[in-house]
Structures are given as structure tokens and as C-alpha cells.
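One structure below.
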Amino acid sequence: MLLSGTLRRSLAIATLGASGAMAAFATIAPRNETAVVPPTSTVVEALALQAREVPAPSQYVQIEQFQRGDTLAGFLGRLGLEESAISRLARAPALRALRPGAYVQADVSSDGTPKTLSFLTGRDTLVKIVPQGEGFRALEEQASLETRVTMKASVIRSSLFAATDEAGIPDAIAMQLADVFGGDIDFHRDLRKGDRFTVVYELHHLGGRPVRAGRLLAAEFVNQGKTVRAVHFGSGYYAPDGKNLRKAFLRSPLEFSRVSSGFGMRRHPIQSTWRTHQGVDYAAATGTRVRAVGDAVVEFAGAKGGYGNVVILRHNGQYSTVYAHLSRIAVRRGARVAQSDAIGYVGQTGWATGPHLHYEFRVAGAARNPLAVALPAATPLPEQQLGAFRTQAEPLVARLELLANANLALLD
Ligand SMILES: [Zn+2]
């Protein structure tokens, strides 16, 4: 999971605070070996003398993030552990629960011997590893996370992620936002400067500090003057009137991510070239994931003239979609795919001057402008659930309105 910078820093501090033994360190910066060194006013003149007189800190706390691509040994080295401890620890089964993105707090002796290692797992438990004899012992306890409902609003100036960063909204919430409105808004092509949004979401806390985003509970997005709203209910998202926000087709075949979002604000000549070209081009970095816009069967997957590597999907009814110039194809002919499944990766095979996705939407075999086609609607909430839905939706929608109005006032 991705967290925003603010959240990452907060997490580091929260993890620190979570260790009882090291609670005294919790109010200072994570890299705090210098914290026990006395005031430095005389250091310049008497450095040699002081260096002898002041004992080196016997123990310190180090916090590091375990990152994608890290080897366990390399990572433990970064925590300041000595060689033999590293090789013994690398075999500790408890460390298998360590996932990229997790912060590990190590209480380490000055000789590199670990006193405790602790981290929050993906299943919200706090693992503590302590030395025992020649080996290590692991304690795992349920982390007492507290969930708070958080509200934020922001305005698009350059990209969705720039806007969420500015407001301190976690990446996980930005992705959920793009996902929830993925049937209404093409986040690669439709966003405009001045678009604005409001989100209500869960933020899980540990020891009073935010550690992880939860579910997006409600959202409003004003795109090119048009307002869409979503409220979480059951396992889906619905408009305040109970209409299902999940659509038979996604508006964009490109997966939304921090990498691909940078292309979002570039305008592409859609209407101007439509007549001759019968498709929509998405400029995107080679390797960007291309997803099925709807549930389908793979009708074709392979190389085809100017299309280069191309995937053609057959959907329900008369609909089919075409994804061309792929660098790599991820599906086989005849396979069933679900909406949002990866079917290939952006490239520039065939007649392409640069990496991009050529996307066609066909109705009964004829290419049509996806922006102009009336698409089938998804099933709304059943009548008997509407009462429960309204009860849940009302306070959330009220919050959205409150924040949207405050946000507007700020913009004026
Ligand atoms: Zn094209």
C-alpha cells in the first residue's frame, strides 16, 4: 500500500511510540543517536577531550522502511545490525510477515546487537522480535488501531496526485477515488484545471498517529462543471439516489497510477482525428498497464499489421474493444477477463511514432466514438435496501455538502 509522505512520517513516529521500552524517545526525530549527546556549545574547542570523556550511546533506535527490491540482509544492514545478528535474524520466520512499505523500528546496541525489532503487519498486528539464547523469539499482538473518519477537499491544478498530495490525502484513497468514479470519469483524459473533489474516508491510527488509510466512505467529484457523488454501501458505491456507480464499461482502458497520472492533463486530439482514425490515443509510458474496460472474452490476441500487438475483446451484446501497439500481451485468445483485469502493457509496436495506446470501441463491428455512445446502465440498489442505504448515505452526503461549500468559499 502507498501512503502519502505525511502519513509515512507519522507512521515512523507512531511505530516509535508503540514500543514501551523506547517511549522516552517518542517525541524526538527517528534518527536520534545524537539525542543523548550533551549540548554542543563547547564542542568546537574541546572536541578531542570531550570525545574521550563522553561515553558513546550504548543503545539507539533506528527506523527504516522495508522497500520493494530490498533483500532482508541488506535491509537489516541498513538498520545498523552487525553481520552475525543479520544472518541469524534473516532466518527468523517472524520476518516473513514483513511487507514492502512497512516501517521497522530497531532498538540496537552500539555494537550492532539488536534488542528489539518491531513492525506493523498487513493484518494489523504488531510483531516484536527479541533475542532469546542464540536465536530470537517473536511476539505478535493485535495492534489496537483506532479508526477516525477524515474529510478532505482539494482542487486539480496539474494532476490528481498533485491535488491529493497537496491536501495530505493518502495514495490509497486517491486510487479508490479514481476507481469509484472510473465508470463516469476518464482520469487520464477528462480532468481539467479547476476540477475539485471532496473525500470522506477512514484513517486508522495507532497510538494517536495515522498509520493507514481505510475505506473511502463517500466522495464528490466536480469534473468540467458536472458533479458526481458516491456513497459506500455494502460492497459497492452508489449515487445518493441509489444508482449503482459501477458501469458495464470503464471510461479509461489505462490503469490509473501515480506513474500514468502525469499524462492525464495533456490534451490529445480526440475529436479532430476521430473521423480518419476511428480510435482514441492515450500517450503513456511503455509498460503502463492496460485493463479490460468490461467483462469479456478475448477474441484476438497477437500481432496484426499496423496495430502491432493487439488485443480485441468481445463483451456482452454488440460491444467489442480494441487495444493496440502493446509492448506485451497478457491474455490468450478465448480467455475470459473481468473488468479491470490487465490484458497487456503500453508500447509502440506496429505503426506508432511513440509509446501510446490506441483504443477503439466498436458497436456491431463498427468503430464508434466511446464518448458519444450511450452505454448500458448497471443494476441499481434493490428496492428493499433503499431504506438502509438512505440512512447510511444521508449523514455522509451532508458532510460532503458541508465540505464542498467550505471549499468553494476558499476558492472565491
Ligand atoms: Zn490511434
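Here are a few things to note about the model shown:
- Some residue of region 74-82 being exposed (fewer than 15 other Cβ atoms within 10 Å of the Cβ) and within 24 Å of A143 (Cα to Cα): no
- Among the criteria (1) within 15 Å of the chain's Cα centre (by Cα); (2) surrounded by fewer than 16 Cβ atoms within 10 Å (Cβ to Cβ), the one V211 does not fulfil is (2).
- Members of region 233-260 that are out of contact with any helix residue (DSSP H, G or I) (no Cβ under 8 Å at 6 or more places or on another chain), more than 20 Å from P376 (Cβ to Cβ) and open to solvent by 20 Å² or more (accessible area, probe 1.4 Å): S235, E255, V259
- Residues satisfying the stated conditions in region 98-144, i.e. under 24 Å from the mean Cα position of the chain (by Cα), of a type in the set (D, E, K, R) and open to solvent by less than 50 Å² (accessible area, probe 1.4 Å): D124
- Residue count for region 163-184 satisfying the condition of being open to solvent by 40 Å² or more (accessible area, probe 1.4 Å) and among the aliphatic types (A, V, I, L, M): 1.
- Any strands (runs of 3 or more DSSP E) falling wholly within region 285-403 and containing at least 3 residues that are within 16 Å of the ligand (Cβ to nearest atom) and either at pLDDT 90 or above or not hydrophobic (A, V, I, L, M, F, W, C) (or both): 309-314, 319-326, 356-363
- Flag if I173 is in contact with a helix residue (DSSP H, G or I) (Cβ under 8 Å, 6 or more places away or on another chain), of a type in the set (V, I, T), farther than 30 Å from E82 by Cα and not in a loop (DSSP other than H, G, I, E, B): yes
- For region 187-196, the count of residues that are in a strand (DSSP E or B) and open to solvent by less than 20 Å² (accessible area, probe 1.4 Å) is zero.
- When V200 is tested against (1) over 30 Å from T391 (Cβ atoms); (2) open to solvent by less than 20 Å² (accessible area, probe 1.4 Å), only condition (1) is not met.
- Candidates G242, G214, filtered to the one that is part of a loop (DSSP other than H, G, I, E, B) and not hydrophobic (A, V, I, L, M, F, W, C): G242
- Region 345-370 residues that are under 18 Å from L313 (Cβ atoms), paired with ones that are among the charged types (D, E, K, R) and open to solvent by less than 30 Å² (accessible area, probe 1.4 Å) (beta carbon under 8 Å, 6 or more apart): A367/E360
- Restricting region 251-281 to residues that are over 19 Å from the mean Cα position of the chain (by Cα) and more than 12 Å from the ligand (Cβ to nearest atom), the residue that is modelled with the highest pLDDT: R251
- Residue within region 362-378 that is under 30 Å from L217 (Cα atoms), of a type outside the set (A, V, I, L, M) and surrounded by fewer than 17 Cβ atoms within 10 Å (Cβ to Cβ) present: yes
The values are calculated or read from the model by the stated rules, or taken from the named source; none is laboratory data. In this text, all values refer to a predicted model and were calculated from it rather than measured experimentally. Using ideal geometry, Cβ is built from the backbone for each residue, glycine included, and neighbour counts are taken over all protein chains shown. Remember, those area values only see protein heavy atoms, side chains included, never the ligands or the DNA or RNA. Shrake-Rupley method; radii C 1.70, N 1.55, O 1.52, S 1.80 Å.
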